[in-house]
Amino acid sequence: MATLRLLSPLAGTVRPVSAVPDVVFAEQIIGPGIAIEPERTQTQHVVSPADGVVGALHPHAFALELDDERSVLVHLGIDTVSLKGLGFTLHVRAGDSVTAGQRLVSWSPVDVAAAGLATICPVVALQAPEGVVTVLPAEGAAVVAGDPLLDWA
């Protein structure tokens, strides 16, 4: 299987996935990854981290089906399902083919924080075996949407 480069889906600061206040992400139960603390802007655009097909799609999270039966999950904030879509705008539908860098969702980290919810965003290589995902930027580094984020061997 060829190494797949995943791009940052949003602008913010790189954090370890262990910093996510949700055990499913922090303990990498669904797969390894990284987290991004988003820039606190009123509207932030989230882009596709790779070419793929939109699988599961919710206002606050999406999964992309990639090549070689790999999938990546991007979750916008924690417990944001409780917002029932408020503050999130979808730009694609489940089943759509997308390209790396294509806008998928717009959301408001400011509104999520105002609701008392964590804004940190896990990016997870779903069901990837241990040791196949390499984080590219250093912890604490600033990234913008489209910057190299993870290599998945």
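Only one of the numbered conditions (1) at pLDDT below 95; (2) buried (at least 17 other Cβ atoms within 10 Å of the Cβ); (3) not β-branched (V, I, T) is not met by L73, and that is (1). When residues in region 103-116 are screened for being exposed (fewer than 14 other Cβ atoms within 10 Å of the Cβ) and not hydrophobic (A, V, I, L, M, F, W, C), 1 of them pass.
Here is a yes/no grid of residues against (1) in contact (Cβ under 8 Å) with a residue 60 or more places away in the chain; (2) of a type outside the set (V, I, T):
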| residue | (1), (2) |
| --- | --- |
| Q102 | no, yes |
| V105 | yes, no |
| V110 | yes, no |
| A114 | no, yes |
| Q127 | yes, yes |
| T134 | no, no |
| A138 | yes, yes |
| A141 | yes, yes |
| A153 | yes, yes |
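The lone criterion from (1) crowded, with 16+ Cβ neighbours inside 10 Å; (2) in a strand (DSSP E or B) left unmet by Q28 is number (2). Residues that are charged (D, E, K, R) and farther than 21 Å from T89 by Cα within region 1-58 comprise R5, R15, D22, E27, listed in sequence order.
Selection of first residues in region 61-76 that are within 19 Å of V132 (Cβ to Cβ) and of second residues that are of a type in the set (D, E, K, R) and at pLDDT 95 or above, restricted to Cβ pairs under 8 Å at least 6 apart or on distinct chains, gives the following pairs, ordered by first then second residue: L66/D51; D67/D51; S71/E65. Return the residues of region 31-57 that are in contact with a Pro (Cβ under 8 Å, 6 or more places away or on another chain) and either at pLDDT 95 or above or not in a loop (DSSP other than H, G, I, E, B) (or both); say none if nothing qualifies. If the condition is that a residue be in contact with a Pro (Cβ under 8 Å, 6 or more places away or on another chain) and either at pLDDT 95 or above or not in a loop (DSSP other than H, G, I, E, B) (or both), then G33, I34, A35, I36, P38, Q44, V46, V47, S48, P49 are the ones that fit.
All of T89, T134, T99, T119 fail the test of being surrounded by fewer than 20 Cβ atoms within 10 Å (Cβ to Cβ), within 14 Å of V17 (Cα to Cα) and of a type in the set (S, T, Y), apart from T134. Of the residues making up region 76-95, those that are in a strand (DSSP E or B) and not aromatic (F, W, Y) are T89, L90.
Being assigned to a helix (DSSP H, G or I), among the β-branched types (V, I, T) and under 25 Å from A26 (Cα atoms) is the requirement here; does V112 meet it? The answer is yes for V112.
Taking the criterion of being under 14 Å from the mean Cα position of the chain (by Cα) and at pLDDT below 95, no residue of region 110-153 qualifies. Annotation: of all residues in region 27-59 being hydrophobic (A, V, I, L, M, F, W, C) and farther than 13 Å from A125 by Cα, the one that is farthest from the chain's Cα centre (by Cα) is V53.
The values are calculated or read from the model by the stated rules, or taken from the named source; none is laboratory data. No experiment lies behind these values; they were computed from the predicted model shown. When we count neighbours, we look across all protein chains shown, and the Cβ atoms used for this are built from the backbone with ideal geometry, even at glycine.
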